[in-house]
1. Provide the three semi-axes, in whole Å and in decreasing order, of the ellipsoid equivalent to chain A as defined by the square roots of 5 times the Cα gyration tensor eigenvalues.
2. Which value, in Å³ per residue, describes the convex hull spanned by the Cα atoms of segment B:109-187?
3. Write out the trypsin sites (Lys or Arg not before Pro) in segment B:225-308 meeting two conditions: DSSP loop, and at most 14 other Cβ atoms within 10 Å of their Cβ.
4. Considering all projection directions equally, how large on average is the shadow of the alpha-carbon convex hull of the protein assembly as shown, in square nanometres?
5. Chain B: longest stretch without exposed GluC sites (Glu not before Pro) (DSSP loop, at most 10 other Cβ within 10 Å), sites themselves excluded?
6. Going 7 Å from the Cα of residue B:151 toward and past its Cβ, which residues in segment B:124-140 have a backbone nitrogen under 20 Å from where you end up?
7. Quick one: Kirkwood hydrodynamic radius for segment A:226-365, alpha-carbon pairs, angstrom, one decimal?
8. State the answer as a single residue: which of B:121, B:248, B:161 lies farthest towards the positive end of the charge dipole of chain B, with beta carbon charges of +1 for Lys and Arg and -1 for Asp and Glu, about the Cα centre.
2 protein chains.
Amino acid sequence: MAPAQEQLEGEQIVAQNEDGTNCIERSRVTVIGSGNWGSVAAKLIASNTLMLDSFHDEVRMWVYEEVLPSGEKLTNVINQTNENVKYLPGIKLGKNVVADPDLDNAVKNATVLVFVTPHQFMEGICQRLVGKIKPDVEAISLIKGMEVKMEGPCMISSLISDQLGINCCVLMGANIANEIAVEKFSEATVGFRENKEVAERWVQLFSTPYFQVTAVQDVEGVELCGTLKNVVAIAAGLVDGLEMGNNTKAAIMRIGLREMRAFSKLMFSSVRDSTFFESCGVADLITTCMGGRNRKVAEAFAKNGGKRSFDELEAELLQGQKLQGVSTAKEVYAVLSNRGWLEMFPLFTTVHEICVGRIPPTAIVEYSEHKPKCCLT
Amino acid sequence: MAPAQEQLEGEQIVAQNEDGTNCIERSRVTVIGSGNWGSVAAKLIASNTLMLDSFHDEVRMWVYEEVLPSGEKLTNVINQTNENVKYLPGIKLGKNVVADPDLDNAVKNATVLVFVTPHQFMEGICQRLVGKIKPDVEAISLIKGMEVKMEGPCMISSLISDQLGINCCVLMGANIANEIAVEKFSEATVGFRENKEVAERWVQLFSTPYFQVTAVQDVEGVELCGTLKNVVAIAAGLVDGLEMGNNTKAAIMRIGLREMRAFSKLMFSSVRDSTFFESCGVADLITTCMGGRNRKVAEAFAKNGGKRSFDELEAELLQGQKLQGVSTAKEVYAVLSNRGWLEMFPLFTTVHEICVGRIPPTAIVEYSEHKPKCCLT
């Protein structure tokens with residue numbers, strides 16, 4: 001029965017039934033984005049909203065409309081088949097996932113927004129959403145990447161919070177979408193700012209027996225892990241291409257984790273060491289440095305002795321997917337250079353200088369033979 | 001010119017030349033053990049003693065004498081060729097490495113002892129050394145493994161300290177001996193108890209441009225990392241054998257690192273979180289879970305659905321080398337069981353139960369779907 005009236009009581013939205021009794025307003029989830037990871041997120045969430053009384057069953061998924069080779073619209077096919085045939089073929093999302101090509105319509109009743117688009121689209125999407133969403137919406141960002149400006153990194157969660165005036169958590173981790181889609185065991189980390197109850201609701205909304213989510217009070221730490229690991233993956237790929245072996249690769253990954261931690265803590269004093277032991281930290285770093293496209297392209301770059309550019313190899317190897325590590329390395333370098341910190345971050349610095357061809361791929365190991373002048377740990 | 005007299009002045013051994021002037025007594029290094037890793041350690045040290053004024057050039061290496069198929073004695077061949085033809089063929093150890101088959105003779109003038117034998121021989125070796133070494137010898141253990149007794153782990157460094165009445169540091173890290181032998185970049189961690197100056201001398205003695213050593217004040221943490229990682233490597237190998245993919249493997253490694261940390265801190269309250277970010281922690285874990293014999297045999301065990309025992313697969317796959325993970329898992333299980341902590345350590349517990357055939361290999365992932373009842377982090 002639809003509630004006749006709504007009112008805000010504390011932080012709990014309470015509604016009245018037509019007979020005058022109170023009932024708890026159920027949250028409505030909209031997933032903004034429908035790529036590979038967005039579709040898996042919708043599947044995870046949709047399996048939980050069916051079981052949780054505090055959520056409406058329906059999960060709305062905003063889909064950037066495309067016309068498929070068959071001439072059909074992607075949203076129609078998703079709604080008919082419960083499959084995102086283009087970005088997650090073969091996986092049923094759940095009958096309660098509704099694809100919606102209209103962004104305004106997709107968000108208008110939502111009380112819970114899950115952002116999972118490529119990061120370069122977020123600024124435009126936020127602008128379109130201003131004034132279109134409910135005022136007390138809770139948001140979470142699954143987007144890895146950031147805008148680094150001279151004054152420091154501008155995190156996607158901050159962009160969402162600032163532009164829309166809403167609270168925004170993040171979810172990151174060792175999450176190869178296709179493995180989670182087939183329900184292989186995995187973990188993830190929710191980063192929250194202050195409200196632990198909100199974080200626990202996100203944990204509830206995403207957790208399944210095969211997908212275990214833990215909340216930590218460290219939005220920036222969690223989000224920076226998801227971003228900076230791609231720079232380390234470039235370094236790991238270079239080591240693979242140079243055929244330096246397991247010791248060297250593990251050492252480079254460890255130094256990378258140290259620089260991730262040091263950089264994050266210098267940027268945001270609230271960042272906690274313990275975050276780097278979570279899925280978003282060490283586990284995601286391992287996954288990304290063992291598989292992943294940044295590693296793959298960097299390996300090819302080193303094998304070619306740096307003679308073919310990252311752009312060229314990216315186009316050849318990734319079929320249109322884009323590398324994040326190279327641009328993140330550039331952005332991080334700009335911050336370090338601006339603040340006079342280059343020598344404190346030999347790995348980040350060296351990765352960028354290799355990417356732009358200033359020094360050869362072998363420098364990734366040569367650098368390591370000189371300790372940073374400032375202790376980072 | 002040999003010093004005529006010796007006297008102890010503070011912590012510095014000072015000697016007098018025959019003309020009555022003082023000179024600093026140079027340290028004499030003996031490496032106890034000459035396997036694969038022992039030979040590489042001798043090579044590292046020998047390259048440094050040539051350059052450091054505070055050490056005698058000569059590095060004595062105690063070799064358990066063997067007669068080679070050629071009929072020659074191993075020590076003679078090492079001293080003639082500067083190569084350990086049996087355990088590190090093709091690598092020159094340095095002309096200043098002297099192989100010595102006589103343990104008493106090898107240690108009698110040593111002021112610095114480096115222990116690097118299989119751990120099961122250490123109790124006997126310590127007994128043989130009582131009364132044979134100089135009183136103020138400084139020792140370091142490179143031995144991974146421990147004796148776990150009901151009252152807790154008995155670390156090798158403690159065994160050495162207690163039996164010989166000397167200070168003992170440890171050196172651990174992501175150190176595949178053959179990769180260091182060919183001078184590929186690597187790192188290691190020295191754990192020390194109190195005396196930072198002694199630790200810095202060990203760092204000096206081992207460090208080379210391709211082998212970077214850092215000291216941390218946490219003997220037990222460093223040593224337990226070197227031991228417990230083998231249990232996690234069994235878990236990682238099982239995941240490989242079950243073909244669960246990168247997310248799952250990274251998650252299992254992360255959970256393993258968490259249990260290593262929690263177990264170490266429960267055993268020794270002095271253990272520091274930061275130790276697990278060092279080479280001995282996360283880097284050695286990565287190396288061991290990616291390569292290594294524990295991983296390899298566990299993978300085969302899972303592929304065979306647990307139908308062939310670890311003993312059988314070990315004999316088949318390792319040509320006489322022994323697994324440490326299975327016995328360490330058993331020892332850790334005994335401690336956990338004795339203290340009522342099994343539920344706090346689901347990964348360690350499950351690994352042991354799989355190894356002994358009590359539950360199937362697939363349980364390594366099923367377990368993970370139940371969170372530990374006690375928060376470990």
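1. On the way: eigenvalues 303, 108, 61 Å².
Value: 39, 23, 17 Å, ordered largest first.
2. Per residue, the Cα convex hull of segment B:109-187 comes to 114 Å³.
3. B:307, B:308
4. Result: a mean projected hull area of 37.7 nm².
5. B:195-377
6. Flagged as within label range: B:124, B:126-127.
7. This gives a value of 14.8 Å.
8. B:248
Bear in mind these aren't lab numbers, they're just calculated from the coordinates by the rules spelled out. If you're wondering where the values come from, they're calculated on a predicted model, not measured in any experiment. Neighbour counts run over all protein chains shown; Cβ positions are idealised from the backbone, glycine included.
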